[in-house]
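Colleague: What follows is a single structure, and I will ask about it in a moment.
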Amino acid sequence: MAKFAANLSVMFNEVPFTERFVLASNAGFKGVEYLFPYEESAQELAVLLEKYQLTQVLFNMPAGNWNAGDRGIACLPGSEKSFSKGVNKALEYALALDCKQVHAMAGKWDRQFTQEQQRECYITNIQYAADVMAEHDIKVLIEPINIRDMPGYFLTTQRQAESLLEVIDRKNVFIQLDLYHCQIMEGDLLRTIERLWGKFSHIQIASVPERHEPDSGEVNYFWLFKKLDEMGYQGWLGCEYYPVGHTEKGLGWLVKAQS
């Protein structure tokens, strides 16, 4: 049966961040993920995870100046030192939270560099992150993000991610397969899952096109959940969606999916 992780950056945001853990646990989630943990102490977060018996499934490495528009720095030449510091910061939190996966956001195309320069920078940075994390049995994830939600992003399709995996050539680097982004950019979700089998270690879900609860929109997630069970998927399903209203009132889909 599928394992669902609540994304606390977008769910249960009716309350402050540190109060969302208990709500996720009470709602029936066994795992949590979020964008960035760095405004809270790793020790405090570890206490919350233990108290509410939650698994820390995933979080992002530092991604530059988010408020200024950065969406990662892995593909930006000249950012190597900052990226390295971010890797070490993420490792500190991953070890404290017993988290076995971290996502390295790629960043955006920058016209002052050639595409090849940015591609080579990205590959080198991800290889560095992978080598650091491999010593602690931690996976590094790369995620294609659709061009509608994040114009100008470096990594946008599963095909591109596949080609980068081959060149990065690290056993602990996997795709973060967000089916919301994939449906917008490519569609054909089941065949894509089949093609990528063994190349992704985490799946995220949200309705398309509105990015709300997964029981609405154009994707039949319940059918996909069944197929993933049949295929033997052992990973988590991260719920990175924006609730239509109060988070708890929209969780009927979770009850159905777990029944």
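The values are calculated or read from the model by the stated rules, or taken from the named source; none is laboratory data. Because the structure is predicted, anything quoted here is derived from the model rather than measured. Every residue, glycine among them, receives a Cβ derived from its backbone with ideal geometry; neighbour counts consider all protein chains shown. Calculation scope for accessible area: heavy atoms of the full protein, side chains included, ligands and nucleic acids excluded. Shrake-Rupley method; radii C 1.70, N 1.55, O 1.52, S 1.80 Å.
Colleague: Considering Cα pairs under 8 angstrom that are at least six residues apart, work out the relative contact order of the range 3-258 and quote it in whole percent.
Modeller: Dividing the mean separation by the residue count of the range 3-258 yields 18 percent.
Colleague: Turning to a different aspect of this structure: Roughly what % of Cα-Cα distances in the range 3-258 sit above 28 Å, to the whole percent?
Modeller: So the portion of pairs separated by more than 28 Å is 30 percent.
Colleague: Measure out, as a whole number of angstrom, how far apart the alpha-carbon centroids of the range 60-103 and the range 188-205 sit.
Modeller: A separation of 24 Å, based on Cα centres.
Colleague: So between GLU120 and TRP66, what do we pick up on full extension, going 0.36 nm a residue minus the alpha carbon distance?
Modeller: Using 0.36 nm per residue and subtracting the Cα-Cα distance, I get 17.1 nm.
Colleague: Roughly what percent of Cα-Cα pairs across the range 206-259 reach past 18 Å?
Modeller: Percent of Cα pairs beyond 18 Å in the range 206-259: 31.
Colleague: Now, a different point. Would you calculate the separation in nanometres between label points at VAL255 and ALA134, each defined as 7 Å from the Cα along the Cα-to-beta-carbon direction?
Modeller: 4.7
Colleague: Dipole size in debye (nearest 20) for the range 3-258 around its Cα centre, Lys and Arg Cβ +1, Asp and Glu Cβ -1?
Modeller: The calculated dipole for the range 3-258 is roughly 220 debye.
Colleague: Also, I was wondering about something else. Counting other Cβ atoms within 10 Å of each Cβ, which chymotrypsin sites (Phe, Trp or Tyr not before Pro) in the range 120-154 have at most 12 and sit in a DSSP loop?
Modeller: The qualifying sites: there are none.
Colleague: Tell me, what % of the accessible area of the chain is carbon and sulfur with a 1.4 angstrom probe?
Modeller: Here it works out to 48 percent.
Colleague: Here's a follow-up. Counting only DSSP beta bridges with both residues in the chain, tell me the antiparallel percent, nearest 5.
Modeller: Counting DSSP beta bridges with both partners in the chain, the antiparallel share is about 5 percent.
Colleague: Can you compute 3J(HN,Hα) from phi for each residue in the range 152-165, using the Karplus curve 6.51 cos²θ - 1.76 cosθ + 1.60 with θ = phi - 60°, rounded to whole Hz and x for Gly and Pro?
Modeller: Karplus values, whole Hz, x for Gly and Pro: x, 5, 5, 10, 10, 10, 5, 4, 5, 4, 4, 5, 5, 4.
Colleague: What residues have an amide H closer than 5 Å to that of GLN204, excluding those fewer than 5 places away on the same chain, when H is modeled at 1.01 Å from N in the peptide plane?
Modeller: For GLN204, whose amide H was placed from the backbone, the distant partners under 5 Å are LEU177, ASP178, LEU179, GLY238.
Colleague: Right, here's the next one. Find, among the GluC sites (Glu not before Pro) in the range 72-148, those assigned to loop by DSSP (not H, G, I, E, B) with at most 10 other beta-carbon atoms within 10 angstrom.
Modeller: GLU135
Colleague: Near LYS85, which lysines are there with a Cα under 18 Å away, not counting those fewer than 8 places off in the same chain?
Modeller: Candidates past the 8-residue exclusion: LYS139.
Colleague: On to the next question. Over the chain, give the accessible area per residue in Å² for a 1.4 Å probe, as an integer.
Modeller: On a per-residue basis, the chain sits at 46 Å².
Colleague: Once phi is turned into θ = phi - 60°, what whole-Hz ³J(HN,Hα) does the Karplus curve with 6.51, -1.76 and 1.60 give for every residue of the range 103-108, x standing for Gly and Pro?
Modeller: Each residue of the range 103-108 in turn: 9, 9, 5, 7, x, 10 Hz.
Colleague: List, in order, the whole-Hz ³J(HN,Hα) value for each residue of the range 93-101 obtained from phi through the Karplus relation with A = 6.51, B = -1.76, C = 1.60 and θ = phi - 60°; use x for Gly and Pro.
Modeller: My calculation for the range 93-101 gives 6, 4, 5, 5, 9, 6, 9, 9, 9 Hz in order.
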